Amino acid sequence: ADPGYYRWTQWLFVQMFRRGLAERREAAVNWCPVDQTVLANEQVVDGACERCGSPVELRQLSQWFLRITEYAQRLLDDMSDLVDWPERVLTMQRNWIGRSEGARALFRTDDGELEIPVFTTRPDTLFGATFFLLAPEHPAVGRLVAGRPEEAAVREYVRAAARASVADRTAADRPKTGAFTGRGVRNPVNDELIPVWVADYVLMDYGTGAIMAVPGHDERDFAFARAHGLPVRRVIAPEGAAADAPLEEAYAGDGRLVNSGFLDGLPVEEAKPAIATWLEERGLGEATVGYRLRDWLISRQRYWGVPIPIVHCPACGPVAVPEDQLPVLLPPVDDYAPKGRSPLAASPDFVRATCPDCGGPAERETDTMDTFVDSSWYFLRYTAPHLSCGPFERDVVDYWLPVDQYIGGVEHAVLHLLYARFFTKVLNDVGLIGFREPFARLFTQGMIHYLGAKMSKSKGNVVAPDEIVERYGADTLRLYILFMGPAAEDAEWQDQGVEGQRRFLDRLWRLVAAQDGGVLAQRPAIEALRDDPLALELARKAEATVAKVTQDIAERFSFHTAIAAIQELVNLATKGQAEGTLSSEGGRAALRHATQTAVSLLFPFAPHVASELWEALGGERLWVEPWPQADEAFLVQDTVTVVVQVNGKLRDRIEAPAGLADAELVAIARERPRVAAAIEAAGGRNGARVVREVVVPDRLVNLVVA
RNA sequence: GCCGGAGUGGCGGAACGGUAGACGCGGAGGACUUAAACUCCUCGGCCCCGCAGGGGGCGUCCGGGUUCGAAUCCCGGCUCCGGUACCA
């Protein structure tokens with residue numbers, strides 16, 4: 001609600017308005033009766049309001065839309081640049097955009113006065129159309145039935161459909177109802193006259209709001225035909241079936257065209273382009289693509305939002321507020337509560353305006369924008385948060401963006417993440433930015449479940465962080481949350497798991513406390529540790545842990561395995577300390593350095609405890625210390641454990657100097673009694689012998705007996 | 001229905017073609033303690049052989065396949081989770 005920010009949201013809206021990408025139009029829109037406002041399609045989940053869960057209704061209203069559908073294809077195409085996005089999110093967006101290839105075909109009314117287009121993905125079945133359906137909201141319905149005996153019944157059917165909730169309208173299993181208009185349309189392909197019905201399973205906002213019904217090859221049309229005694233005609237016959245074989249259900253499978261005039265004999269996949277070409281040559285239709293995506297309805301009848309910067313002039317229509325008059329500020333009002341029209345309309349001073357174009361009296365738009373509009377570009381404003389001459393500066397924004405790594409919940413998949421992509425493309429088209437995608441990489445973290453449900457305020461199963469912090473400390477909580485499992489996956493909260501992380505911090509604390517204060521130790525030289533195997537092992541472990549934790553954090557987002565690795569290091573140090581085996585000078589140095597390393601690696605996960613321990617070890621400000629670097633010399637093992645397999649089964653392990661030649665390893669392996677016995681057992685009495693030796697240097701020998 | 005993801009101990013999970021079960025939770029046994037808590041030690045996939053040290057077989061949802069070698073790759077199926085769905 002900061003005018004310094006929403007000024008530029010309005011400015012961007014004006015840019016879209018000028019390009020025809022923001023428009024006000026009447027449509028059947030989603031209405032939440034509790035929040036008393038309209039909603040975008042993306043904000044209706046299972047027929048209910050995303051915010052309050054109330055069943056959503058359809059209302060015929062004039063509202064502001066952003067024309068995201070103009071970008072449907074580009075939103076799909078540019079997904080190829082989103083290589084680091086989770087497949088799940090890309091799939092959700094793909095489904096939401098819902099591209100399908102098909103054709104448009106024009107049907108002319110019986111009186112020759114109206115042409116009504118349909119969209120179909122099965123133009124090959126055009127000869128099978130035996131009736132024609134209009135959505136209840138279709139603008140042609142009124143004209144078709146005016147003055148006819150069917151008029152009253154049809155109007156009543158349309159009214160009933162308007163009253164139904166969105167959930168009811170779109171339930172797949174409800175009976176196929178409809179009302180006959182008494183009128184007919186002519187099939188463009190054969191001039192056949194077929195009856196026109198109004199049916200509520202036809203949706204006004206997909207395709208053209210009208211369909212050709214092919215009961216022989218569409219399940220829904222078949223059900224409608226059965227319910228209303230309409231004819232069913234076969235136009236596709238599977239391999240080996242007769243052209244006139246009766247249909248007991250809709251056949252949606254493959255086959256060849258029958259009863260279809262010039263298309264007869266063609267396979268389905270050839271008939272589709274053939275009929276599209278035929279229609280196009282005669283001006284009766286063409287191949288086209290349909291999308292499920294709807295335009296983004298952004299007007300809201302709420303107070304808290306960005307005022308839409310438009311003035312309605314009786315003479316000029318909707319006119320954008322000139323850029324130098326922005327921002328249009330939210331007016332003070334007495335009552336913020338939703339009541340079906342915008343609370344802004346209660347302020348006469350706000351509503352009264354003059355037309356920026358003609359200077360005549362006019363009225364200000366009183367709706368505010370969906371909050372998702374603000375969040376569609378905030379990441380660009382971060383590059384110039386106080387800039388007063390524009391939303392951002394091109395060279396700066398091009399330097400910083402796209403965002404290298406975005407993190408969020410999967411619930412944004414077809415909301416924020418789709419809208420932000422759309423905005424970015426528009427701004428790129430306008431020339432304000434030089435890139436087409438806002439977020440190069442996306443990481444979606446999982447949700448926490450507890451007591452069998454997602455942990456959420458509305459479910460009442462939230463574990464209050466304050467209580468955990470009170471009992472175990474904030475670092476324990478951080479550590480546990482990150483340790484629960486892969487960050488990208490959902491995880492189950494376990495109360496006792498928290499205690500485990502507290503125990504770990506306590507153990508590390510005691511490890512540090514048992515050492516002298518003093519000063520930070522240098523990494524001991526590898527030569528100084530040769531005489532103390534445990535000291536050398538600990539020093540190696542410390543360096544290996546640095547390498548693993550660094551990789552887990554930076555490359556894998558795998559925090560739980562990073563923490564596990566630190567725990568392994570601490571466990572080994574604790575063990576050495578407890579056994580008193582690290583009492584040599586080198587041993588003490590190794591222990592000291594390993595402890596410091598563990599503390600330093602723990603810092604990102606448990607910053608308070610790590611900082612405190614760092615001081616106890618003689619350090620100062622851990623947060624300005626460089627991230628540890630692994631010393632490669634310690635990562636090279638001089639002895640290795642080599643696994644010996646016979647026919648792929650583990651039979652023995654040998655400790656061997658690193659870097660032995662394959663032949664030497666095989667020779668050592670074959671001398672081992674257990675290996676020899678296994679070879680003999682595998683060979684049995686038929687004198688089989690080793691026919692192949694597979695060696696992975698320093699790791700494995702597999703002797704194949706046949 | 002369509003699309004995506006996932007199935008590994010009692011539980012969360014590890015292992016990104018090479019020792020399955022790291023790390024942690026829970027469990028059992030032991031040490032310390034007057035007792036307990038804390039802490040420490042030991043055990044810990046299943047089955048079989050052995051008094052024991054130890055040894056063998058089976059095992060990553062099921063069935064096939066590729067490979068010297070498969071939790072991992074391929075084919076078929078089952079189950080669960082998520083998205084979407086009267087979208088023509």
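The values are calculated or read from the model by the stated rules, or taken from the named source; none is laboratory data. These numbers were taken from a predicted model, which means no experiment stands behind them. Note that we place each Cβ from the backbone using ideal geometry, even for glycine, and neighbour counts take in every protein chain shown. In case anyone asks, the SASA skips ligands and DNA or RNA and just uses the protein heavy atoms, side chains included. Shrake-Rupley method; radii C 1.70, N 1.55, O 1.52, S 1.80 Å.
The residues of segment A:104-124 that are surrounded by fewer than 16 Cβ atoms within 10 Å (Cβ to Cβ) and near RNA strand B (Cβ under 10 Å from one of its atoms) amount to a single one, A:Thr121. Scanning segment A:62-85 for residues that are part of a helix (DSSP H, G or I) and either under 20 Å from A:Ser299 (Cβ atoms) or touching a residue at least 40 places away in the same chain (Cβ under 8 Å) (or both) gives A:Ile68, A:Thr69, A:Glu70, A:Tyr71, A:Ala72, A:Gln73, A:Arg74, A:Leu75, A:Asp78, A:Asp81. Hey, any hits in segment A:239-255 for a residue that's at pLDDT 90 or above, farther than 30 Å from A:Pro55 by Cβ and in contact with a strand residue (DSSP E or B) (Cβ under 9 Å, 6 or more places away or on another chain)? Taking every residue of segment A:239-255 in turn, none turns out to be at pLDDT 90 or above, farther than 30 Å from A:Pro55 by Cβ and in contact with a strand residue (DSSP E or B) (Cβ under 9 Å, 6 or more places away or on another chain).
If you go through segment A:189-209 and keep only what is part of a strand (DSSP E or B) and at pLDDT below 95, you end up with nothing. Out of the residues in segment A:199-231 that are over 37 Å from the mean Cα position of the chain (by Cα) and either under 11 Å from A:Leu133 (Cα atoms) or of a type in the set (Gly, Ala, Ser) (or both), which is surrounded by the fewest Cβ atoms within 10 Å (Cβ to Cβ)? Per the stated criteria, the residue is A:Gly229. Just name the residue that is least open to solvent (accessible area, probe 1.4 Å) out of those in segment A:486-501 that are assigned to a loop (DSSP other than H, G, I, E, B) and within 6 Å of RNA strand B (Cβ to nearest atom). Filtering segment A:486-501 for residues that are assigned to a loop (DSSP other than H, G, I, E, B) and within 6 Å of RNA strand B (Cβ to nearest atom), the one least open to solvent (accessible area, probe 1.4 Å) comes out as A:Pro486. For segment A:361-385, the set of residues classified as more than 21 Å from the chain's Cα centre (by Cα), under 20 Å from A:Ile308 (Cβ atoms) and surrounded by fewer than 16 Cβ atoms within 10 Å (Cβ to Cβ) consists of A:Pro361 only. Among the numbered conditions (1) surrounded by fewer than 22 Cβ atoms within 10 Å (Cβ to Cβ); (2) modelled with pLDDT of 90 or more; (3) within 15 Å of RNA strand B (Cβ to nearest atom), the only one that A:Asp173 does not meet is (2).
Take the residues in segment A:470-485 that are aliphatic (A, V, I, L, M) and in contact with a helix residue (DSSP H, G or I) (Cβ under 6 Å, 6 or more places away or on another chain), then tell me which one is farthest from RNA strand B (Cβ to nearest atom).
A:Leu477
Number of residues in segment A:32-61 that are more than 16 Å from RNA strand B (Cβ to nearest atom), open to solvent by 10 Å² or more (accessible area, probe 1.4 Å), closer than 17 Å to A:Arg302 by Cβ and touching a residue at least 24 places away in the same chain (Cβ under 8 Å) equals 5.
Looking only at helices (runs of 4 or more DSSP H) that fall completely inside segment A:530-604, which ones have 2 or more residues that are touching a residue at least 24 places away in the same chain (Cβ under 8 Å), open to solvent by 10 Å² or more (accessible area, probe 1.4 Å) and within 16 Å of RNA strand B (Cβ to nearest atom)? Output list reads A:533-554, A:559-579. Only one of the listed residues (A:Val599, A:Val690, A:Val666) is under 48 Å from the mean Cα position of the chain (by Cα) and of a type in the set (A, V, I, L, M). That residue is A:Val599. Applying the set (1) crowded, with 20+ Cβ neighbours inside 10 Å; (2) part of a helix (DSSP H, G or I); (3) within 24 Å of the chain's Cα centre (by Cα) to A:Phe504 leaves exactly one unmet item: (3).
Mind listing just one residue for me: the one in segment A:488-500 that is under 17 Å from A:Phe559 (Cα atoms) and out of contact with any Gly (no Cβ under 7 Å at 6 or more places or on another chain) and, of those, modelled with the lowest pLDDT? The selected residue is A:Glu492.
In segment A:126-145, the residues that are over 11 Å from A:Asp200 (Cα atoms) reach residues that are part of a helix (DSSP H, G or I) and open to solvent by 10 Å² or more (accessible area, probe 1.4 Å) with C-beta atoms within less than 6 angstrom, at least six apart or across chains, in these pairs: A:Val145/A:Glu151.
In segment A:12-28, the qualifying residues are those that are more than 20 Å from A:His416 (Cα to Cα) and among the hydrophobic types (A, V, I, L, M, F, W, C), and the one that is farthest from RNA strand B (Cβ to nearest atom) is A:Val14. Pick from A:Arg155, A:Arg94: which is open to solvent by 50 Å² or more (accessible area, probe 1.4 Å) and more than 8 Å from RNA strand B (Cβ to nearest atom)? Unique residue meeting the criteria: A:Arg155. Across segment A:640-656, the qualifying residues are those that are out of contact with any helix residue (DSSP H, G or I) (no Cβ under 9 Å at 6 or more places or on another chain), over 10 Å from A:Val701 (Cα atoms) and open to solvent by 40 Å² or more (accessible area, probe 1.4 Å), and the one among them that is farthest from RNA strand B (Cβ to nearest atom) is A:Glu655.
Among the residues of segment A:295-327, those identified as under 16 Å from A:Val373 (Cα atoms), open to solvent by less than 50 Å² (accessible area, probe 1.4 Å) and part of a loop (DSSP other than H, G, I, E, B) are A:Asp295, A:Ile298, A:Gln301, A:Tyr303, A:Gly305, A:Val306, A:Ile308, A:Pro309, A:Pro327. Inclusion of A:Glu620 among residues that are at pLDDT 90 or above, among the charged types (D, E, K, R), open to solvent by 20 Å² or more (accessible area, probe 1.4 Å) and not in a loop (DSSP other than H, G, I, E, B) is not warranted. The residues of segment A:340-359 that are loosely packed, with under 12 Cβ neighbours inside 10 Å and either modelled with pLDDT under 90 or not in a loop (DSSP other than H, G, I, E, B) (or both), listed by number, are A:Gly340, A:Pro348, A:Asp349, A:Arg352.
Of the candidates A:Phe127, A:Phe131, the single residue that is within 14 Å of RNA strand B (Cβ to nearest atom) and out of contact with any Cys (no Cβ under 9 Å at 6 or more places or on another chain) is A:Phe131. Any chance segment A:247-259 includes a residue that's outside any loop (DSSP other than H, G, I, E, B) and either surrounded by fewer than 20 Cβ atoms within 10 Å (Cβ to Cβ) or out of contact with any Ser or Thr (no Cβ under 6 Å at 6 or more places or on another chain) (or both)? The answer is yes, given that some residue of segment A:247-259 is outside any loop (DSSP other than H, G, I, E, B) and either surrounded by fewer than 20 Cβ atoms within 10 Å (Cβ to Cβ) or out of contact with any Ser or Thr (no Cβ under 6 Å at 6 or more places or on another chain) (or both).
All of A:Val306, A:Val311 fail the test of being modelled with pLDDT of 95 or more, touching a Ser or Thr at 6+ places or on another chain (Cβ under 6 Å) and not polar (S, T, N, Q), apart from A:Val306. Residue selection: A:Val158 fails the criterion of being at pLDDT below 90 and not polar (S, T, N, Q).
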